[in-house]
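Here's the structure, in structure tokens; my notes come after.
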Amino acid sequence: MQLSRIAICVCAVSLFFSASGRAQGHKRFAVFGGYSSEADITFAPLSFLPISLPSSISLNGWNASFEAKFLPFLGVVLDASGHYGTYGVTVGCEAIIVCLPLGVDVNSSLHTLLVGPQVSVSLWRFTPFAHVLLGVAHIDHTTAITALGGLTNRDTSFADAIGGGLDFRIVSVVSWRFQGDLIQTRFFAASNPISFLTSTQSNFRGSTGVVVRF
């Protein structure tokens, strides 16, 4: 009798996890949204202004994506992000004996829209994933001082990203995501193949937030 009860319990637990796995596997779509931070190294003012830039610039913002699966382990993801920040630059003086450098705040924004394949596998509550994304990026640097128009610069370029992350399932349809991507852009590159290949910027983007599957 005792062995029968144990066997019944084992079968019930097995059926429960099997049903949970099937329910989780049948979810074809996933929506992600959360906080994101990216290092911005693409400030490129006009050359006639002698300026000093901070050694490193970090922008904070958001990252969102939508995934549709064609197979249990393969899907396509549409990824969008926006990052914003304000930092100071120092405009110096050239050929002037008595001169005080001018400190100026520059507002910066960086937006990306990327799409590409994503592979993933479910391991109990964990779902590691990796993707390769292609798309466009737009950067905008502006200053409130109109006389320093050389500090205002914007450009749109081709962008690509290689990255991945890990989802931790909290309940059946809600997970928490940790994601990292190496994003490559080509801002302010000349319109020739050599410049397109060599004038690149590589930034790391880290994101975390909530994933809902349905």
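Run down Ile145, Ile170 and say which single residue is at pLDDT 90 or above, of a type in the set (Val, Ile, Thr) and farther than 16 Å from Val77 by Cβ.
Details: Ile145 fails: at pLDDT 90 or above.
The match here is Ile170.
Taking into account only those residues within segment 55-88 that are β-branched (Val, Ile, Thr) and in contact (Cβ under 8 Å) with a residue 24 or more places away in the chain, which is farthest from Ala161 (Cα to Cα)?
Pass one, segment 55-88, residues β-branched (Val, Ile, Thr): 57, 76-77, 86.
Narrowing the set further to residues that are in contact (Cβ under 8 Å) with a residue 24 or more places away in the chain leaves 57, 76-77.
On the way: Ile57: 20, Val76: 14, Val77: 12 Å.
Once the filter is applied, the top-ranked residue is Ile57.
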## Note on the structure
If we keep only residues of segment 178-205 that are part of a loop (DSSP other than H, G, I, E, B) and of a type in the set (A, V, I, L, M), then the residue modelled with the lowest pLDDT is Ala190
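The values are calculated or read from the model by the stated rules, or taken from the named source; none is laboratory data. The shown structure was predicted, so the numbers you read here are calculated from the model rather than taken from an experiment. All Cβ positions, even for glycine, are placed from backbone atoms using ideal geometry, and neighbour counts span all protein chains on display.
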